Structure formats: structure tokens, C-alpha cells
Amino acid sequence: MKILWSLIYFLVFVPVGIFFRLFRDPLRRKWQPELSTYWIFDERPR
Amino acid sequence: MGKLVLGLSAYYHDSAAVLVRDGKPIAAAQEERFTRKRHDPAFPAEAVKYCLAEGGVGLDDVDAVAYYEDPKLKFGRVLTSFAASSPFSLEAFTRVLPEWTSWKRDTVGRVRRSLADLGLGAVPEINVRRHHESHAASAFLPSPYESAAVLCIDGVGEWATTTLWHGQGSRIRHLAEIRYPHSLGMLYSAFTYFCGFKVDSGEYKLMGLAPYGVPRYADVIRQHLIDVKDDGSFRLNMSNFEFLRGQVMTGRGFEQLFGGPRREPESPLTEREFDLAASVQLVTEEVVLKLARTAREMTGEANLCLAGGVALNCVANGKVIQETIFDSVWVQPAAGDAGGALGAALMVATELGAPRAHLAEGGDGMSSSLLGPGFSDEEIARFLDDLGVPYTRLDEESIAKHVAEELATGKIVGWFQGRMEFGPRALGARSIIGDPRDVDMQSTMNLKIKFRESFRPFAPSVLAEEVEEYFDLHQESPYMLVVAPVAKQRRLDAEESAQATGLDRLKVHRSTIPAVTHVDHSARVQTVTASSNPTYHRLLTAFKQVTGCPVLVNTSFNVRGEPIVATPYDAYQCFMRTNIDLLALGNFLLNKADQPAWREQGDWRKEIALD
Ligand SMILES: [Fe+2]
């Protein structure tokens, strides 16, 4: 079972993760000195 | 009968159930008190049974069930986090994901089945709320304010970790949020872990440790761990934290920043831990103050309501009050996730048309948080007679007088009265009480009663009408969630205190109430009024009559690692296992010296996991 989960991880999650890192990080990890705020106002609350 | 809503929180930390009738909480309890497993995350079966029994109803009578967070949204966050932290999260992924796909994804189905299994009637509709919506509702709806700013700060629920709301009448409007992994709760927990304490319970210890240190790492934290904007919004520097990868809170990043590996749990505390605690506490306070100012600006309100695990940081709450950013601040007594059950239920009740009736009466809608099980004199008498132990039965006035006299001679008393508290604090219903003027009381209580670390401070209860005589606090603090300085006229030791460092500061005679004066002259105050808790008020009044001092030491009725006692049996067991001298169970007084020898198999101290 662990092998199956590992396969899913490498075949699905790792490529998606690379995409995130290259194009759009959903975790907004970068510090952005140019922004005046990190508050999220406009989107649907999550 | 009025509309009934059953609120639930479960499967993460500190499960709880709450029953709300027409918008008023009538019963609430954490599952841990019944199962005797600290912070029990299991489905709160016993708490639900208690709430329904207290309300005299079955599930058939309940109009709706409210669940405190949205499992689907949370699952999305878990999946996203694993992808975003790949390829470094494989180990956690293979451990956590099977659990999500097998049942956690369908938490609501599991809640429905667990409720049905109780055999207490047909399960009504289950209404799912968001985690921070539940916190916000728990902060605002029972608060004494017609309108207020609402600030919720915790570790994480689904995505939000910090949210700002505007409460008006029965409505709560979402204004802004900060999302995972950027979390003030996680920052604090990372330091809790790094200093060798347990995450999700050792945060109190870190807060208690902070006054022993100097905040020499605050700049490192500001430069390398958290970027805070002027409006209090922030982001963490995730390259220095490990929790995204899922196994532990901190790793090499912290080791490099703070000079070596984390402290091993239970090993001796060093200057580094004192200073780390002081530093993260200072930065947390800075952020909370900025967030509070933003809340004021964005809402224009004069009152603030707080909830979420970080709102249990009573030192930060005290700073918000001291800075007078708001005219008044109210903190939900069950500010952690147990209180989410209450918030979710109140929100659904409000949507079903329930009014905030307590506003007309003045005060808050929490019934002093005394919402747990209580025991009549007849039940206690039966328990004691079945046990066959000696006791004296008194009336309300004479038990208060008698206990006060014994306290004044240095005796320590188990005080078990009325309904149990909802939330993490003992508020005079399930408390261990002592004389705050006694210089040895702190170490006696820590080492001989609670069997816990000597550095941990104790909190005072004070007659509300006398609070300003003893503390620099100008509003009520009925739930012991505000730290305030001991009043200048009660302090003793300026010179001695300035010279001592680290744990040596414990030995300094700091004030006329040394047992409840922390090394920085602060105290986590509980104000007690005759209307909010008449029995406890009577005891404080009696103690004042005997000694002239309207203050008592109040600590939770348990030993280290154990949930607070719930029943007379739990109380008697704790009384006999420890060096408590007297036990007041309702109007029944038990003297340790008269009790038969206590025998149990095995060493109970080994059976209770350390917190
Ligand atoms: Fe929370």
C-alpha cells in the first residue's frame, strides 16, 4: 500500500508541486516587501 | 420548547459538544473530562450524551447539528500543502493521506453515524461551518456587545489562520484573512516544540517561561521567521519551518538560527529557552497589537472580541487592554477549538432566528462558562456514603467560613462546587485553592500538589470590587484570560529582583501576594462577582473577612497531564493522590487527616502521560 501511495506522490503531487513553484504558489510563500499588506480581502473566505 | 442546536467539534484536538436553546448555551463540555484523556480528539460521545441529558432532550428534539469546520475545504488544504512541499513530504504524505481518503474526507458522514450510534433518536440535519466562522461566532455572539470588531487568531483550521470580522446585532461580516501556512499560532507552536514542550498544550508553559528571559532573539525572529506589515498582516519564512512537510515543527533552520538542536523534553531548562520564550512572546504581542489596531481602524468599533487558540495568550490580551486600543475587550473563555462547537451552534441558532437575549440583561451570554455537569447535595452524599468515608456536612455560609479559616493557616483545599467550567481554565468550580500571601505556596503547589515544573506561575482570583486595589486592571476578567501587573503598592522587591536571573528569580519575595505574582510582577487575574459565581464569591469574601486579603490562588483541580476533575469521584481520587489538605465537595467537607489510607494498584503517576 505504501508503494502505491509513494507512486501517487511522485506521479501526481511532485509534478503539481513543480508547477506551483514555477507559475503560482498557492501558499504565497514569498515575502513581498513591495506589498503594503498581506491581508486577503477580496476572495471567498476559506 | 424553543429551537435547539447541538454544536460539535471533533477529530483534531479537544473535542467538545454544546447545546444551545434559543441562542443561549445551556450545556457545554469537552470530551476529555469524561474519558479522562487530556485533549481527547475522539468523537465527543460522552459530551453529547451529557448535553442532551442536561437539556432533558433527545436527538429527535434537536433542530440542527452544527459542525465546527469544513472537512472538504480542509482536505483541499492538506492536498495543496503536500503538492507545494513536494518532494520533501513523502513520509508524512504516506502516513496522513490514507487517513483522509479512508474517512476524514467524509467527517460529516462519520459524525452522522456516531450520533446515530448513540441511540438517542434520529439525527437531524448537520450544518457545516468554517473553522474561523465558528471562532468568530463564539467570540461575538455571546459577547456583551451590540456591535464589535472580532479578531480570531489560531494555528489553522481549513485555510484561514487569522481573520477579522465586524459583528453587528446578530450578524458577523467577514472582512479579511491570512491563510496557511502563515500562522501566528504555528509560529508560537514551533517555539513550543523547539523549547522541548508539547505542541498544542505546552504553549502555556512557554508563555509562563517568557518573563524569566530577555528577548535577545526577537530581531532574529523578525528578520528570518516572520515578515510583519504595519497593519499586522504577516507571512512566515517557510524555509525555516518544517511543519509543511508534516513531520515536526522545526529542523535545521531553527538550529542554525538559535545555536543548536532543540531542547530534549524534560531536560533542564537553560538561558536559551528563557530567551527564546521571551523573544517569541514579544514578537507575538507586537503582531497582536498591530492586528488589534487594524481591527479598530477597519470597523470603527470601540469593543473587541477575541477567539482562536492565540487568544488564550493572556499576556498578549493584557497588552491589548493596557494599550487602550479599544474601550473594552471580551475573550471567549473556550477560545480554543472546543469553543468552535459553541460558535458553530450559536451561528446556526442565530440563522434559525434566535435573538441575542443576554444583551437586554447586560453581561455576556456564557453563564460564567459554568455549563458542564453539576452534582446535587443528595448525589454527593450518596457518593460519599457508598465510599464510606468521613465527612462533615455544612451549609453554604459555614463551609465558606470554615474553608477560609483553614486556607488562612496555609491549608490547600480542593474546591468542587456547582457546574463544571467549559474551556481550559478552572474558574472556582473545579479548582485547587490556596493562600496567595504564603511565600512557599507556589513551590508547594507546583511540586507537591500538581507534580509539575517549579517555574510555572499560579493565577489569582480576586473579588471584582477590589481588583484595582491589587492589580493594574481596569476592566473585568471573569475568565482568567487577561494578564495584568500587580499594583505598585503591593510590590516589595525592586532591588532584589533586578539582581536575580533565570529561575533564581523565583525565590525573590515579589509582593504581598507572592504566590500569584510572576517574576515580572504580572498576574493572570480572574475577577469574581457575586452574580457570576455566588459560591466562589462567598469564599473570597470569607477569606477577606479572616485575613483582610480578597485574593486566592486558583489553579485547576488536576495533576500535571490529567484533565480537570469532572465528578466527585475524580475529585476524591485527586484529593487522595496529592497533598491537598481539605476537600470541599458542595457543602461536604472532607479532611485528609480523617480519611482511610488510599490504596491503588500500580503507580498512577506512570499512567498519566506528561503534558
Ligand atoms: Fe482553531
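The values are calculated or read from the model by the stated rules, or taken from the named source; none is laboratory data. Remember, it's a predicted structure, so these values are computed and weren't measured experimentally. Neighbour counts are summed over all protein chains in view; Cβ atoms, including those assigned to glycine, are modelled from backbone coordinates with ideal geometry. Surface areas here come from the heavy atoms of the whole protein model, side chains and all, with no ligands, DNA or RNA. Shrake-Rupley method; radii C 1.70, N 1.55, O 1.52, S 1.80 Å.
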Problem set entry | Exceeding the 31 Å Cα-Cα cut-off - candidates B:411/B:488; B:37/B:507; A:2/B:205; B:37/B:74; B:448/B:544; B:198/B:592 | B:37/B:507; A:2/B:205; B:198/B:592
Seminar exercise, completed: Accessible-area loss of at least 50 Å² in the complex relative to the chain alone (1.4 Å probe) applies, within region B:228-255, to B:229, B:235
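Report relative contact order for chain B in percent, whole number only (criteria: Cα-Cα under 8 Å, sequence separation at least 6).
16 percent
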For this session: Compute the distance in nm between two label points, each set 7 Å from the Cα along the Cα-to-Cβ direction, one at residue B:447 and one at residue B:361.
Result: 4.6 nm
For this session: Please give, to one decimal in nm, the separation of the simple spin-label points placed at residue A:43 and residue B:72, each 7 Å out from Cα toward the Cβ.
Result: 1.8 nm
Exercise. Under the definition of Cα pairs under 8 Å and six or more residues apart, what whole-number percent is the relative contact order of region B:178-330?
Worked result: 29 percent
Exercise. Expressed in nm to one decimal, what extension gain is obtained for the pair residue B:108 and residue B:409 from 0.36 nm per residue of sequence separation less their Cα-Cα distance?
Worked result: 102.9 nm
For this session: Grab the Cα-Cα distance for residue B:605 and residue B:387, subtract it from 0.36 nm times how many residues apart they are, and report the gain in nm with one decimal.
Result: 76.2 nm
For this session: Report relative contact order for region B:377-607 in percent, whole number only (criteria: Cα-Cα under 8 Å, sequence separation at least 6).
Result: 33 percent
Exercise. Which GluC sites (Glu not before Pro) does region B:246-286 hold that lie in a coil by DSSP with at most 10 other beta carbons within 10 Å?
Worked result: B:266
Exercise. What ranking of B:77, B:430, B:173, B:605 comes out by heavy-atom accessible area, probe 1.4 Å, highest first?
Worked result: B:605, B:173, B:77, B:430
Seminar exercise, completed: quick note, region B:377-607, DSSP beta bridge pairs, % antiparallel (nearest 5) is 75 percent
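Chains A and B: what accessible area do they bury, summed, in square angstrom to the nearest 100, with a 1.4 Å probe?
Roughly 3500 Å².
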For this session: Compute, for residue A:35, the solvent-accessible surface of its heavy atoms (probe 1.4 Å) with the complete set of protein chains present, and express it in square angstrom to the nearest 10.
Result: 60 Å²
For this session: Whole number please: convex hull volume per residue, Cα atoms of region B:408-550, in Å³.
Result: 108 Å³
Exercise. Tell me, what is the per residue accessible area of the protein assembly as shown in Å², probe radius 1.4 Å?
Worked result: 38 Å²
Exercise. To two decimal places, what compactness ratio does region B:178-330 give when its Cα radius of gyration is scaled by 2.2 N^0.38 Å?
Worked result: 1.03
For this session: For B:544, B:450, B:507, B:198, give the ranking by accessible area with the largest first, probe 1.4 Å.
Result: B:507, B:198, B:544, B:450
Exercise. Just by accessible area at a 1.4 angstrom probe, what is the order of B:249, B:298 from largest to smallest?
Worked result: B:298, B:249
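Taking only the alpha-carbon atoms of the protein assembly as shown, what semi-axes of the equivalent ellipsoid follow from 5 times the gyration tensor eigenvalues under a square root, in whole Å, largest first?
Taking √(5λ) for each eigenvalue gives 38, 30, 25 Å, largest first.
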Problem set entry | Within the accessible area of the protein assembly as shown (1.4 Å probe), percent carbon and sulfur | 51 percent
Seminar exercise, completed: Taking max minus min of the Cα coordinates of chain B on each principal axis, largest first, gives extents in Å of 64, 64, 53
For this session: Looking at chain B, send over the antiparallel percent of its DSSP beta bridges, to the nearest 5.
Result: 70 percent
Problem set entry | Efficiency of FRET between residue A:8 and residue B:224 - r from beta-carbon atoms, R0 60 angstrom, step 0.05 | 0.95
For this session: Return the calculated 222 nm mean residue ellipticity for chain B, to the nearest 500 deg cm²/dmol, obtained by summing -39500 (n - 2.57) across DSSP H runs with n ≥ 4 and dividing by the residue count.
Result: -10500 deg cm²/dmol
For this session: Give, as a single signed number, the net charge of other residues whose beta carbon lies under 11 Å from the beta carbon of residue B:459, with Lys and Arg counted +1 and Asp and Glu -1.
Result: +3
